[in-house]
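Input: a single structure, listed below in structure tokens.
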Amino acid sequence: MDVTLYLAQDPDADALLGRSPLAALIGMLLDQQIPMEWAFKGPATIARRMGTQDLDAHEIVAFEPETFARLLSDKPAVHRYPGSMAKRIQQLCRYLVEHYDGDPEAIWRDVDSGPELLRRLEDLPGFGKQKAQIFLALLGKQLGVRPEGWRQAAGAYGEPDSYRSVADITGPESLARVRAFKQETKAAAKVAESARSAGRTKSSGG
């Protein structure tokens, strides 16, 4: 894996994401409740604090949990919730060691179909269906991993030029479009929730 990504909007962090499947997976894992760029800078910060140029699942698993949590908690923290995310990263790496001998690229190297790849991604600790679909879309759109049926398995995130997720970010302009889409989605969800609340109030009032 050796591609150019722009998810962190930081040359060194993006270079690591482009050459390291584990860094990309960890960035995807971190991408919740914080800005996307912050999440995808995380793997490079972790590697730097480990004193390495790359990330290795065996090495991460070997850390004492408290030591690894401190590594993520040092300022600037890797995540808003560094302790819980440190635990999740070690769980992910332990799963990769146990099921793929620590080689994350083995998740998709020999996969036969999009649905099978989605199932493998959903099996990863910390990856629900939405996160798995977004990562599947990233693999297909930017990393050249395109088993039969990958777009359908990725759902809406697999649609060309959909600008729904990190899978569509290739620079500042597309980042702005993805961020605008997320803001619109949140605003629509708030409106829908307000309507539901109003309906419940009206119903309870007789």
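Look at (1) surrounded by fewer than 20 Cβ atoms within 10 Å (Cβ to Cβ); (2) assigned to a loop (DSSP other than H, G, I, E, B); (3) modelled with pLDDT of 95 or more and you find that Thr52 fails only one, number (3). The listed residues are Arg120, Arg179, Arg151, Arg164, and the only one of them that is more than 15 Å from the chain's Cα centre (by Cα) and either assigned to a loop (DSSP other than H, G, I, E, B) or at pLDDT 95 or above (or both) turns out to be Arg151. Of all residue pairs spaced 6 or more apart or on separate chains, those with beta-carbon atoms under 7 Å, a first member in segment 1-19 that is farther than 11 Å from Pro43 by Cβ and a second member that is crowded, with 16+ Cβ neighbours inside 10 Å and β-branched (Val, Ile, Thr) are Tyr6/Ile169.
Residue selection: Leu138 satisfies the criterion of being touching a residue at least 60 places away in the same chain (Cβ under 8 Å), out of contact with any Pro (no Cβ under 8 Å at 6 or more places or on another chain), of a type outside the set (Lys, Arg) and assigned to a helix (DSSP H, G or I).
For segment 77-101, enumerate the residues that are open to solvent by 70 Å² or more (accessible area, probe 1.4 Å), in a loop (DSSP other than H, G, I, E, B) and either of a type in the set (Gly, Ala, Ser) or farther than 19 Å from Met28 by Cα (or both). First the steps, then the outcome.
Keep residues of segment 77-101 that are open to solvent by 70 Å² or more (accessible area, probe 1.4 Å), which gives 80-81, 87-88, 91, 94, 98-99, 101.
From what's left, in a loop (DSSP other than H, G, I, E, B): 80-81, 101.
Asp101, the sole residue that qualifies.
With respect to the conditions (1) over 21 Å from His99 (Cβ atoms); (2) without any contact (Cβ under 8 Å) to a residue 12 or more places away in the chain, Glu122 lacks only one, and its number is (1).
The values are calculated or read from the model by the stated rules, or taken from the named source; none is laboratory data. Computed from a prediction, not measured in an experiment: that's the story for all the values here. Ideal geometry is used to build each Cβ from the backbone, glycine not excepted, and the neighbour counts take in all protein chains shown. Each accessible area value is taken on the protein alone, full model and side chains, heavy atoms only, with ligands, DNA and RNA left out. Shrake-Rupley method; radii C 1.70, N 1.55, O 1.52, S 1.80 Å.
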